[in-house]
Amino acid sequence: MYLPKISKNISCIEGDGIFAGEAIPKGTIVFYYSNNDVYVSKKEFQYLSNFEKQQIYKFGVEDESGNWIVTEGDANHSCDANILSIFVDGLYCDIAVKDIQIDEEITIDYSLFYSSFPWKMICRCHSWNCRGIVGSGFAVDSQTQELWHSRISEAADRIHHVRQALFSREDESARALTLALRSRHSPMIFPYIKFSLIGTNPENGHAIHS
């Protein structure tokens, strides 16, 4: 579920995209998996028609167990994305890593998504750091990983300084994510492709994985 107001419109990257209906400050949790999203289990997915599978490939996101979540919007990929994926106590969400203006397209880096099958696509994001081709199973260069790490770290520092619509949501998923985020008053980021928001052990001051 997208937390800020969004709209769908033609994208200069590809096809339709989603656009901000309000200003979104850096550090805002933009998306989380809510109880209102459509879940398709790994078992259910196996019995779908080829057309139905293609629709889920296009509009869904696969988790590490092979289940699929189909969301209300399909953010385009950009190598210079303005939201990026993190895990907090194993809970997935997307955080704004830049200030996003009204009517600006919301983009994410597809290389952070889990996939149980190989795929690749030609990138048409036209950004300064476009990687040309993205997909699963591709080695991600150190410069890209460092960019993700620095942007997510800076955004995580802002979590408790911007208004979070997430914190007023009442569904079970939102409450669990809110509790996990509120327990991280000095957040740090574990610097690997699958990023996790982590805390600091008060006894020894060393970072510990969530």
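Before moving on, here are some points about what is shown:
- Selection from 6, 20, 90 lying farthest towards where the dipole of the stretch 1-114 points positive, charges on Cβ: 90
- For the chain, the longest principal axis of the alpha carbon atoms and the long axis of helix 50-59 meet at an angle near 40°.
- Estimated from the Cβ-Cβ distance and a Förster radius of 35 angstrom, the FRET efficiency linking residue 14 and residue 146 is about 0.85.
- Cα gyration tensor, the chain - rounded (a/c under 1.5), prolate or oblate: rounded
- Taking every alpha-carbon pair under 8 Å whose residues sit at least 6 apart, the chain reaches a relative contact order of 23 percent.
- Least to most buried among 107, 71 (fewest other Cβ within 10 Å first): 71, 107
- Most positive-pole-ward Cα, 167, 140, 122, against dipole of the chain from beta carbon charges: 140
- Computed from Cα positions, the angle between helix 142-156 and the longest principal axis of the chain comes to roughly 60 degrees.
- Stretching the chain fully between residue 116 and residue 170 yields a gain of 16.2 nm (0.36 nm per residue, less the alpha carbon separation).
- Computed [θ] at 222 nm, helices only, for the chain once each DSSP H run of length n ≥ 4 contributes -39500 (n - 2.57): -6000 deg cm²/dmol
- Here's the list of lysines a cross-link from residue 120 could span, going by alpha-carbon distance under 23 Å and ignoring same-chain residues fewer than 8 apart: 42, 53, 58, 194.
- Reachable aspartates and glutamates from residue 43, criterion Cα separation under 15 angstrom, eight or more residues apart if same chain: 52, 62, 63, 64
- Residue exposure sequence - 181, 48, 112 - by fewest surrounding Cβ within 10 Å: 48, 112, 181
- Charge dipole (debye, nearest 20) of the chain; +1 at Cβ of Lys and Arg, -1 at Cβ of Asp and Glu: 140 debye
- Coordinate range along principal axes, alpha carbons of the stretch 53-173, Å, largest first: 37, 33, 29
- Between residue 42 and residue 55, the contour length at 0.36 nm per residue exceeds the alpha carbon distance by 3.2 nm.
- Selection from 36, 100, 47 lying farthest towards where the dipole of the stretch 27-116 points positive, charges on Cβ: 47
Laboratory data are not the source of any read-out in this text; all were calculated from the coordinates shown. A quick note: this is a predicted structure, and the numbers were derived from the prediction, not measured. No Cβ is skipped: glycine too gets one built from the backbone with ideal geometry, and neighbour counts run over all protein chains shown.
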